[in-house]
Amino acid sequence: MEPKAASKDRFFIVIRGKSRRGFCRGCIGRVEAETARGELTGLMYGCGSNAGSPKNGGPVKAEDAYPLTRHQAQLLLYISSPSRRLEMLCNPQLFSAICELTPGDLVVIRYKKGHVPGVVKNLMQIGKKESKDDLNMLGFQVEFPAYEESEEDAPPVPESEAASLFVGKMKGIQGHINSCYLDATLFQGFVPAQSVMNLRKKLGCETFSKNEKPEEFISVLFQKVLCIEPLLKLSEGGSSHGAYTLQIFLEKEQMGQTPTVQKLLDTSCMSGDIKFETMPSCLIIQMPRCGSKYKMFSHIVPSTELDVTDLLYNPRECFICGQMAKFECLQCLPDHKLQPGRIKQYCSTCNTQVHTHRSRCSHSPKALALPEGVATDAPPPRRTMQLFGVLCIQTSHFVSFVKYGPDPHSWLFFDSMADRHDDEKGYSVPEVRACPELGDFLGQPEEEQTRANPALAPELVCRLLCDSYMY
Ligand SMILES: [Zn+2]
Ligand SMILES: [Zn+2]
């Protein structure tokens, strides 16, 4: 229930024109005064994540504004795009039907490529109310009657539609009782907290512990629920085994101060004598850190493209001359004269040459084992993998960054507990934000990324660099 005084509140949406500061088309305002010249002045509620906190806007002509009730203003505030708010307003039949919805009403929701029936369960006030002028957004919680999933494969959401479908408050997975490790790992369209709780119960991981680990969840999900073979077929010290994730193991001294994911992977695999027996379809790499308690490096530079050619159990080309390689050398890995951090493998001639240098004569290069029956006359093509997601942790809270299309700027940031609505039935407000600034940073040459000071970078770039847990 709204307080009585609120009924005197006058709200409006700007339908035309533009002011030098403040109001523009699609902005929602609250009238504080009306001038004799027919102008409205008041507070302006913008768009995006701080939409509920108003600023002082400039004057707007009364004829350029369309009056709204508080309820209508709250509903329109939930729509983050100003042009979509106006589209909604231009469909008075639909808009008035939405304004009248109450719990128990039947609705039809656009879902994947079709429409499905649902029932309004709740009207949810979204946002903090820190000052009396703040305006909560109003959203609907809709239940699908439990609905038969189609057997067909659902294609990923196209890049052109992803941002408008995913970005906003009450988007993504709704966090509940330490579920962030799982929410951030799964991240998809909107899923209410109860559905995630049901999944946790079925998986036997409803212990509500803060120490749940994404890698354990991934193994249970892939192995027990999806029945997927291990994603990685590894040869470790000559014996084979499967795995779903790959943990980086190394000594801090093997790396410079700011490593890249490529260098961490190369060094870890070389040191542990690990090779991929087959090209991984998907590679999940865990950074050298222990939750929020310990991290080996203050920050890590993401590699948007990983070159795994030299980590494959395959013929490889000599690092120096391009002939077929016969040896690899772990001690050459950090050599500053030889592109430090990259794997070094040599043909017989170059192996002898490189190791005649007095600084390297103590090295013990290892003869490369090759699978039987593999043609060794042509060097293999380079095999690369693209980065599409990063799981981050900061003070025991997991969040994720997700690439949603081929454009370098197509990045989303997801936090299942971005905000909290506290009433008698308190709940988390999940949020998805577009973060094209990641594309700007990751588009720079690697040396510049390595030199960058995270504290001076935009907030989300800093979180990506400092908090990465899994790539
Ligand atoms: Zn060579
Ligand atoms: Zn060497």
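Would you confirm whether any residue within region 254-275 is within 16 Å of ligand 2 (Cβ to nearest atom), in contact with a Pro (Cβ under 7 Å, 6 or more places away or on another chain) and not small (Gly, Ala, Ser)?
Quick first cut of region 254-275, residues within 16 Å of ligand 2 (Cβ to nearest atom) only: 254, 266-267, 270-271, 273.
Filter once more, keeping what is in contact with a Pro (Cβ under 7 Å, 6 or more places away or on another chain): 254.
Restricting the remaining residues to those that are not small (Gly, Ala, Ser) gives 254.
The answer is yes; a qualifying residue exists.
Against the definition (assigned by TED's automatic domain parsing to the domain that holds Gly242 and either closer than 30 Å to Lys213 by Cβ or within 16 Å of ligand 1 (Cβ to nearest atom) (or both)), how does Thr349 come out, yes or no? Criteria not met by Thr349.
The set of residues in region 305-326 that are part of a loop (DSSP other than H, G, I, E, B) and touching a strand residue (DSSP E or B) at 6+ places or on another chain (Cβ under 9 Å) comprises Val308, Tyr313, Asn314, Pro315, Arg316, Cys318, Phe319, Ile320, Cys321, Gln323, Ala325, Lys326. Considering only residues in region 289-316 that are of a type in the set (Asp, Glu) and surrounded by fewer than 19 Cβ atoms within 10 Å (Cβ to Cβ), the one that is farthest from the chain's Cα centre (by Cα) turns out to be Asp307.
Leu460 meets each of the listed conditions (1) open to solvent by 20 Å² or more (accessible area, probe 1.4 Å); (2) in a helix (DSSP H, G or I) apart from (1).
Filtered by the rule that a residue be at pLDDT 75 or above and surrounded by fewer than 18 Cβ atoms within 10 Å (Cβ to Cβ), region 11-23 gives Ile15, Arg16, Gly17.
Pairs are defined by a Cβ separation below 6 Å, a sequence spacing of at least 6 or placement on different chains, a first member in region 232-247 that is closer than 15 Å to Val220 by Cα, and a second member that is of a type in the set (D, E, K, R) and open to solvent by 70 Å² or more (accessible area, probe 1.4 Å); the pairs so defined are Gly242/Lys233. Test of understanding: among Glu251, Glu277, Glu328, which residue is in contact with an Asp or Glu (Cβ under 9 Å, 6 or more places away or on another chain), within 27 Å of Ser239 (Cβ to Cβ) and at pLDDT below 95? Answer to the selection: Glu328.
When you go through Leu226, Leu165, Leu246, Leu231 one by one, which is the residue that is buried (at least 19 other Cβ atoms within 10 Å of the Cβ) and modelled with pLDDT of 80 or more?
The unique qualifying residue is Leu246.
Residue check: Ser400 meets all listed conditions (1) open to solvent by less than 70 Å² (accessible area, probe 1.4 Å); (2) within 16 Å of ligand 2 (Cβ to nearest atom); (3) not aliphatic (A, V, I, L, M) but one, namely (2). Those strands (runs of 3 or more DSSP E) of region 62-164 in which 3 or more residues are within 30 Å of Lys403 (Cα to Cα) occupy 106-111, 114-126, 137-143. The set of residues in region 328-353 that are closer than 20 Å to Thr258 by Cα, more than 9 Å from ligand 2 (Cβ to nearest atom) and either open to solvent by less than 20 Å² (accessible area, probe 1.4 Å) or hydroxyl-bearing (Ser, Thr, Tyr) (or both) comprises Gly341, Ile343. For region 423-450, a residue qualifies if it is open to solvent by 30 Å² or more (accessible area, probe 1.4 Å), assigned to a helix (DSSP H, G or I) and touching a residue at least 24 places away in the same chain (Cβ under 8 Å), and the qualifying residues are Glu437, Asp440, Glu446, Thr450. The single condition among (1) touching a residue at least 40 places away in the same chain (Cβ under 8 Å); (2) more than 16 Å from ligand 1 (Cβ to nearest atom); (3) among the hydrophobic types (A, V, I, L, M, F, W, C) that Ala325 does not meet is (2).
The values are calculated or read from the model by the stated rules, or taken from the named source; none is laboratory data. Keep in mind that this is a model prediction, so the values were computed, not measured. Backbone-built Cβ (ideal geometry, glycine too); neighbour counts: all protein chains shown. Only protein heavy atoms, including side chains, enter the accessible area calculation; ligands, DNA and RNA are left aside. Shrake-Rupley method; radii C 1.70, N 1.55, O 1.52, S 1.80 Å.
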